[in-house]
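The structure appears below as C-alpha cells.
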Amino acid sequence: MNINFSEQELAFQQEVQTFFREKLPESVQAHIDNGLSFSAEVTVAYQKALYNKGWAGINWPVEHGGTGWTPTQKYIFQTESAKAKAPRQIPFGYSMVAPIIYTFGNEEQKQRFLPDILASNTWWCQGYSEPNAGSDLAGLKTRAVRDGDHYIVNGTKTWTTLGHHADWIFCLVRTSDEGSKQKGISFLLIDMTSPGVSVKPIITLDGRREVNEVAFQDVKVPVENLVGEEGRGWTYAKVLLTHERTNIAGVAVSKQRLSALYDLLNQPPAGCPDLKNNSVFMSRVVQVEMELKALEFTDLRVLSSVSTGTAPGPESSILKIKGTEIQQALDELYVEIAGIYALPFVPEQYDEAGYEPRIEPFFAPNAAPHYYNNRKVTIYGGSNEIQKNIIAKQVLGL
Amino acid sequence: MDFALNDIQQMLKDSAGKFIHNDYDFETRQKYSHSELGYSEDNWQLFAELGWLALPFAEEFGGLDGNATDLMVLMTELGKGLIVEPYLSTVVLAGNAIQRGGTAEQKEALIGGIVGGELKLAFAGLEAQSATDISSINTQASTAGSGLVLNGKKQVVLHAQSADKLVVAARSHNNNGNIALYLVDANAEGVAAHHYPTNDGARASDLTFTNVAAELLGDSDDAAAVIQAVLNDAIVAVSAEAVGVMDKMLAATVEYTKVRKQFDVPISTFQILQHNMVDMFMECEQARSMLYYAAITIGGGNSEEQVAEANKASQFLKWKVGQAARLVGQTAVQLHGGMGVTDELDVGHMFKRLTMINTLFGSMDIHLDNLVKQRQAA
Ligand SMILES: Cc1cc2nc3c(=O)[nH]c(=O)nc-3n(C[C@H](O)[C@H](O)[C@H](O)COP(=O)(O)OP(=O)(O)OC[C@H]3O[C@@H](n4cnc5c(N)ncnc54)[C@H](O)[C@@H]3O)c2cc1C
C-alpha cells in the first residue's frame, strides 16, 4: 500500500495545474465560492477548452478520443479541477450517454454522436424519470410504437436537468408490455427539435430553473436512433447508473469546499458570526473533515479496483450515500457561517447584471438557496433509501 | 398541574386556526408574499379586529395583558400558514420593547396605534455579527444640541420596509457603554434603507443611520434586561411558529406517502419511511414539550431567579426547536422525493421557513455553545 505519486504523476499534476491557471478565468472560479451553478455558455466554453487539450473524454476509451488516464491521473485531475474551482463537465453527454453508445451502440451511432459529445458541440439531457416513475423507474410509461422506419413516442419525462439547453435527450421508453416491466424497455435517442417535443420549466427551491418537464406528443423518431436491441434498454441503463453513482461522491469538490470554509473561519468576513471559537460548530466541521478523509480513501479503493479491471460493483453505492451526506453537511455549515445574512433573497446579485447595493459578505445570501437546492443530491441518481436497499440486497445478501 | 388551554387561549387558537384554514392557503400566502407590500394590509386590519395585535400589551393601554403562553398558542396556529404579516416585528419585538421599557407617556402615545393596526414597527436590535450577544453592538447614540442622534448600521432588520417607527438598540448617549433602546421615525432624515425579500417569503432591510434624530425609550439608558426579555418572547414566538410548521409538515408527509405509489404500493408501506416519520413525530412532540416548558417559564416572573430560569429556557428552546426543525424539515423534503425541492409545493417553503427560524436570535449551535460555556464556568 502506497499513496505517493510517481515522478510522472507529479509531472502530470504540474501540467494539470498549468492548464487551469492558463485556461480558467477568475470570474468562472468565483462561482464556486458563491455556491452558484455555471451558465450553459461558461460550461460549454470550459468543455471546449478541455477538448482542445485532449482531456474531454476522461473515462472514455482511447479509440474514441478518451484520455486513457490511469485511475491515479483521474484522481489528480479531479483534485486539481476542484482546487481550481473549475466547472464540472455536464455528465449527461460525457459520462452517461457516451458510455452507452460506445458500449452498446452500432458503428454508425458511434460515428454520428461521439465526436460531437467529445467536442461539446451537442448538449444532452437524461429522460428517465416520469411523474409516476421515480424510484420505481421500471414503471415508466412513455411509449414508443414502431411505425415503419420510425417510432412514434408519447409520454412525459420529468426532472430533466438542464433539458432547456439540450439538443438531444436519451430516453428509456416502453416498447412492449410483454414479460416483466424491465423487459419492455428500450433505449432511444431523441432530437429535442423534433416536432411534438415540448419543454416546461420546473422551478426549484432556490428560485431557479434547473429542471424541466419534457413532453412527447406523437414524436417521430427514426429507428436508427434505437441503441442496441429493443427491450434491452433496462440492462444498458443499469450499467450507466453504476457510472452515475461512482461520479456522484464528489470528494474533490467537498475537499475544496471544506478548505474554503476554513478560510472563512480563519478570516471571518465582516458581519459573520465568530464561529471559530464556537466549539459546537467547530466540532461539526472537524467531524465532516474526518468523514471526508475516510470517504476519500474509500473512493481511492474503488478507483484502484477499477484499475485492476474490475467494474465498480454495488459497494460503490456507499460513495453516493456518504458523499451526498457530506455535501449536505457542508451546505449546513455554510448556512451557519452566513449567520443572519442567510436571510436576504437576492438571486440577481449573482447574475451578470448584478444587484446594487451588493449584500456583503457576497456568498452569504446564496448559502441558504444552495442548501435548499442541494437536498436533491440524496434524492436523485437513485435516492439514498434506494441505495441502501441495493446494498442490503446485493452486498449483504439480505 | 394542567396543560389545558384557558378560555382566552382556546379562543385564540380557534380564531387563528380558522383564519389560516379558511383565508390563508398556500397560494394566497404566495400572492401576499410577492406583492409590492409583501403582506396583506387587509389581514393586518383583521388581526387588529381579532385582538391579536393587542396580545402582549397592558390593559390600561388597550391591550389584553397576554403572556408568553398566549403568544405561543397564537403563533403555533399562524405558523401553519407561514404568515408574512409583520406580527413578529411590530408586536413581539418592537411593541413588546415599548411595553416593557417605555415610559408611561410613550406607551400612551404608541400602543393604541399598534393595537388599532395603524402603527407598524420594526426592531433593530442585534447586529449581524452579534448573533445573541448584545454587548457587541456598535451603533452609537450621542447628544446633538438639545436632542439625541444615532449613527451606525443595522443589518437584516425584519419588516423595516413597512415600519413607521423603529426601536433601535445602540450604545448609550451617556458614553457609559450601556446598551439603550431608542425610538426613531423610519422615514426620518438620515435613515438610508436597503429593502429586500428574504428567502422565507418575508422582507428585511439593511439600515444605515447618519445623525438620525432619536428619542430614548424609557427612563433608563440600560436596556439589557428589556432586550433579553424581548428576545426570550421572540424565541417563544418563532419556536411556536416552528412547531406549527412542523406539525403541518408531518401531516403533509404522512398524507403524501399514503397517496404516492412506487413499486405498485404506497411508499408509506416501506418500513424505513415509517420509521423516518416516527422520528419526525417524536421530534415534533419533544419540541412542543420544550415549548411548553419555555413559554411557562418565560411568562413566569421578574425575580432574579425567574429571570435566570427564563433566559435558560429560551436557550433550551431555541436549541431543541433548531434540532427538531432540521430533522423534520429535511425528512419531509426527502420523503417527498423530487416534489420536495420544487417551488410549487408548500412543503419546500415550510422547510425554508424552518431553516431561517434557526438563524434568527441565535442558531442552535450558538445557544448550545453558550450553554456549554456556562456549564464549564459554573
Ligand atoms: C433536482 C433534480 C434533478 C433530477 N434530474 C434528473 C434528470 O436529469 N433525469 C432524470 O431522469 N431524472 C432526474 N431526477 C429524478 C430523480 O432521479 C428522482 O427524483 C428520483 O429517482 C426519486 O424519484 P421521485 O422524485 O419520484 O421520488 P419517489 O420515488 O416518489 O420517492 C419518494 C420517497 O420515497 C422513497 N422510496 C421510494 N421507494 C422506496 C423503497 N423501495 N424503499 C424505501 N424508500 C423508498 C424515496 O427514497 C423518497 O424518499 C432529478 C431529480 C431532482 C430532484
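Here is how the numbers come out for the structure above:
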read-out: Proximal charge balance of B:Asn43 [Cβ under 9 Å; K/R count +1, D/E count -1]; value: -4
read-out: Cross-link table A:Lys53/A:Lys293; B:Lys31/B:Lys120; B:Lys107/B:Lys165, entries beyond 23 Å C-alpha to C-alpha; value: A:Lys53/A:Lys293
read-out: Amide hydrogen neighbours beyond the local backbone of A:Gly228, cut-off 5 Å, H modeled; value: A:Asn106
read-out: Volume per residue of the C-alpha convex hull in chain B, rounded to whole Å³; value: 145
read-out: P(r) of chain A over all Cα-Cα pairs, binned every 20 Å from zero, in whole percent; value: 25, 58, 17, 0
read-out: Whole-Å distance, taken between Cα centres, linking region B:1-65 and region A:171-217; value: 46
read-out: Chain B: angle of helix B:224-259 to the longest principal axis, Cα-based, in degrees nearest 10; value: 20
read-out: Directionally averaged shadow of region A:243-398, computed from the convex hull of its alpha-carbon atoms, nm²; value: 11.0
read-out: Region B:153-168 - phi-based ³J(HN,Hα) in whole Hz, Karplus 6.51/-1.76/1.60, Gly and Pro as x; value: 9, 10, 10, 6, 7, 5, 6, 5, 4, 9, 7, 8, 9, 10, 9, 10
read-out: GNM result for chain A, Cα springs below 10 Å: residue of A:Lys181, A:Lys85, A:Lys322 fluctuating most strongly; value: A:Lys181
read-out: Simple Cβ-charge dipole of the protein assembly as shown, Lys/Arg +1 and Asp/Glu -1, about Cα centre, in debye nearest 20; value: 2520
read-out: Square roots of five times the Cα gyration tensor eigenvalues for the protein assembly as shown, Å; value: 52, 29, 24
read-out: Net dipole in debye of region B:224-377 [+1 Lys, Arg Cβ; -1 Asp, Glu Cβ; about Cα centre; nearest 20]; value: 200
read-out: Choice from A:Pro365, A:Pro131, A:Pro357 with maximal GNM fluctuation in chain A (Cα, 10 Å cutoff); value: A:Pro357
read-out: Neighbourhood net charge (14 Å Cβ-Cβ; Lys/Arg +1, Asp/Glu -1) for B:Glu105; value: -3
read-out: 5 Å-binned pair-distance histogram of region A:98-229 (Cα, whole percent); value: 2, 11, 20, 23, 21, 15, 6, 2, 0, 0
read-out: Helix A:71-83 vs. chain A, principal-axis angle (Cα, 0 to 90°, nearest 10); value: 50
read-out: Distance histogram in 10 Å bins (all Cα pairs of region B:224-377, percent per bin); value: 11, 37, 28, 15, 7, 1, 0
read-out: Helix A:40-53 axis, angle to chain A major axis (alpha carbon atoms, nearest 10°); value: 80
read-out: For region B:52-199: rounded, prolate or oblate by the Cα gyration tensor [a/c cutoff 1.5]; value: prolate
read-out: Solvent-accessible area per residue for region A:161-212 (1.4 angstrom probe, square angstrom); value: 41
read-out: Chains B and A together, accessible area buried on both sides, 1.4 angstrom probe, square angstrom; value: 3900
read-out: Neighbourhood net charge (15 Å Cβ-Cβ; Lys/Arg +1, Asp/Glu -1) for B:Asp365; value: 0
read-out: Aspartates and glutamates with Cα under 13 Å of A:Lys320, excluding same-chain neighbours fewer than 8 positions away; value: A:Glu244, A:Glu296, A:Asp299, A:Glu385
read-out: Sequence-distant residues sharing a close amide H with A:Thr158 (under 5 Å, placed H); value: A:Ser129, A:Glu130, A:Val214
read-out: Measure of compaction for region A:7-89 (Cα Rg per 2.2 N^0.38 Å); value: 1.09
read-out: Kirkwood-Stokes translational diffusion coefficient of region A:163-229, alpha-carbon pairs, 25 °C, 0.890 mPa s, µm²/s; value: 181
read-out: Delta accessible area of at least 10 Å² on complex formation, residues of region A:191-217, 1.4 Å probe, chain isolated as reference; value: A:Ile202, A:Ile203, A:Thr204, A:Leu205
read-out: Out-of-range pairs (alpha-carbon distance over 20 Å; input A:Lys74/A:Lys388; B:Lys312/B:Lys373; A:Lys85/A:Lys200; A:Lys276/B:Lys373; A:Lys23/A:Lys83); value: A:Lys74/A:Lys388; A:Lys85/A:Lys200
read-out: Mean projected area (nm²) of the alpha-carbon convex hull when region B:122-216 is viewed from all directions; value: 5.7
read-out: Residue (of B:Thr269, B:Ala295, B:Ala234) at the positive-pole extreme of region B:226-307, dipole from beta-carbon charges; value: B:Thr269
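The values are calculated or read from the model by the stated rules, or taken from the named source; none is laboratory data. Keep in mind the model is a prediction, meaning the values are calculated, not measured. Note that each Cβ is placed from the backbone with ideal geometry, even for glycine, and that neighbours are counted across all protein chains shown. Ligands, DNA and RNA are excluded from the accessible area calculation, which covers all protein heavy atoms including side chains. Shrake-Rupley method; radii C 1.70, N 1.55, O 1.52, S 1.80 Å.
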